[in-house]
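K.L.:
Shown below is the structure under consideration.
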Amino acid sequence: MKNITKLLVLFISVFTLLSCNNSKEKYSKVKKSKVQKVSNTHKIVLDDFIDANDYTYIKVTEKGKTYWMAITKMPVKKGETYYYDDGMVMKNFKSKSLNKTFESIIFLDKIRTTMEPQIKNVESPHANSPKKKDKIKIAKIEQPVGGTSLEQLLSNKESFAGKTILIKGKVLKVNNAIMDRNWVHIADGTGFKDIIDLGITTLDTVKVGDVVTFKGKIALNKDFGYGYIYPILMEKATLIK
């Protein structure tokens, strides 16, 4: 849910954001006109901030213009100067945690205190971000009766397109309340061609490290616009308890 420079808000990252209401609210469609990319290095002064769940909302000023941003939770100070390079603008974004609608807000992973960008791998909160087997080790998790392993799914994904399946795995990453849904990545200790995790969208809430079972429909080449395409994604998944 690593390329924040390619996020699609945080959006499609991310990288994001608040805890999703667990009620059976409907998934909403985000119009492409609501999302636009911003880039280049920006110098900002932090005027105010609000911590909410895993994220920090910051009010900043840049060249006399004041606006809001949402970043992964980090310590910040009022009056300090910060920098960032890329982000995504979301129009008319409603924050459930703050009970506030932002006419315009920029989503990104981090801001920094120096002009020079930090060299690191970052990730879009929405990106289907496979991890190399040599970088992460997950013990094999047995699938429930009727379940499908990641190896079975990824090695023959075309045959699963449009089908609803059951899959069990360990939660590697969570990004909540983006586009009115939560974005989860799970792994079951199997995989195919170095891809060992699956991106899932859901209204249910889970935590990193949980072993969970989801039931949902498989979509291939899901296109959210702006070049953000998921080769494979489980959509509108339900947590099986």
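The values are calculated or read from the model by the stated rules, or taken from the named source; none is laboratory data. Keep in mind it's a predicted model, so treat the numbers as computed, not measured. Every residue, glycine as well, gets a Cβ built from its backbone with ideal geometry; the counts of neighbours run over all protein chains shown. Areas reflect the complete protein model, heavy atoms only, side chains present, ligands, DNA and RNA absent. Shrake-Rupley method; radii C 1.70, N 1.55, O 1.52, S 1.80 Å.
K.L.:
Is there any pair linking a residue in the range 142-155 that is farther than 8 Å from LEU166 by Cβ to one that is modelled with pLDDT under 95 and open to solvent by 60 Å² or more (accessible area, probe 1.4 Å), with Cβ under 7 Å and at least six apart or on different chains, and which?
P.N.:
That search, which allows pairs on different chains as well, returns GLU151/PHE192; LEU154/PHE192; LEU154/ILE195; SER155/PHE192.
K.L.:
Right, next: Among the numbered criteria (1) exposed (fewer than 14 other Cβ atoms within 10 Å of the Cβ); (2) modelled with pLDDT of 75 or more; (3) under 23 Å from ASN182 (Cβ atoms), which one does SER104 miss?
P.N.:
(3)
K.L.:
Kindly list the number of the only condition in (1) touching a Cys at 6+ places or on another chain (Cβ under 9 Å); (2) surrounded by 18 or more Cβ atoms within 10 Å (Cβ to Cβ); (3) of a type in the set (S, T, N, Q); (4) in a loop (DSSP other than H, G, I, E, B) that fails for ASN176.
P.N.:
(4)
K.L.:
Of THR190, THR205, which residue is over 18 Å from the mean Cα position of the chain (by Cα) and among the hydroxyl-bearing types (Ser, Thr, Tyr)? Give the steps one after another, and end with the answer.
P.N.:
On the way: THR205 fails: over 18 Å from the mean Cα position of the chain (by Cα).
After ruling out the rest, the residue left standing is THR190.
K.L.:
If you take the residues in the range 92-101 that are open to solvent by 50 Å² or more (accessible area, probe 1.4 Å) and of a type in the set (S, T, N, Q), which one is modelled with the highest pLDDT? Reasoning before the result, please.
P.N.:
Of the range 92-101, the ones open to solvent by 50 Å² or more (accessible area, probe 1.4 Å) are 92, 94, 96-97, 99-101.
Those left that are additionally of a type in the set (S, T, N, Q): 92, 97, 99, 101.
On the way: ASN92: 85, SER97: 82, ASN99: 87, THR101: 90.
In this case the residue turns out to be THR101.
A quick yes/no check of all residues on (1) at pLDDT 50 or above; (2) open to solvent by less than 30 Å² (accessible area, probe 1.4 Å); (3) polar (S, T, N, Q):
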site: LEU108; (1), (2), (3): yes, yes, no
site: SER124; (1), (2), (3): no, yes, yes
site: LYS133; (1), (2), (3): no, no, no
site: ALA139; (1), (2), (3): yes, no, no
site: THR148; (1), (2), (3): yes, yes, yes
site: GLU151; (1), (2), (3): yes, no, no
site: LYS157; (1), (2), (3): yes, no, no
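Let's see how each residue does on (1) assigned to a strand (DSSP E or B); (2) open to solvent by 30 Å² or more (accessible area, probe 1.4 Å); (3) at pLDDT below 85:
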{"position": "VAL14", "(1), (2), (3)": "no, no, yes"}
{"position": "LYS24", "(1), (2), (3)": "no, yes, yes"}
{"position": "SER33", "(1), (2), (3)": "no, yes, yes"}
{"position": "LEU46", "(1), (2), (3)": "yes, no, no"}
{"position": "LYS59", "(1), (2), (3)": "yes, yes, no"}
{"position": "TRP68", "(1), (2), (3)": "yes, yes, no"}
{"position": "LYS77", "(1), (2), (3)": "no, yes, no"}
{"position": "TYR82", "(1), (2), (3)": "yes, no, no"}
{"position": "MET90", "(1), (2), (3)": "yes, no, yes"}
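K.L.:
Mind checking which residues of the range 48-57 are open to solvent by 30 Å² or more (accessible area, probe 1.4 Å), closer than 18 Å to ASN175 by Cβ and in a strand (DSSP E or B)?
P.N.:
Of everything in the range 48-57, just one residue is open to solvent by 30 Å² or more (accessible area, probe 1.4 Å), closer than 18 Å to ASN175 by Cβ and in a strand (DSSP E or B), namely ASP51.
K.L.:
Can you pull out the residues in the range 180-234 that are outside any strand (DSSP E or B) and touching a helix residue (DSSP H, G or I) at 6+ places or on another chain (Cβ under 9 Å)?
P.N.:
Hits for the range 180-234 are ASP188, GLY189, THR190, GLY191, LYS193, ILE196, ASP197, PHE224, GLY225, TYR226, GLY227, TYR228.
K.L.:
Have a look at ALA187, ALA161 and point out the one that is more than 30 Å from LYS91 (Cα to Cα) and crowded, with 22+ Cβ neighbours inside 10 Å.
P.N.:
None of the other options fit; the residue is ALA187.
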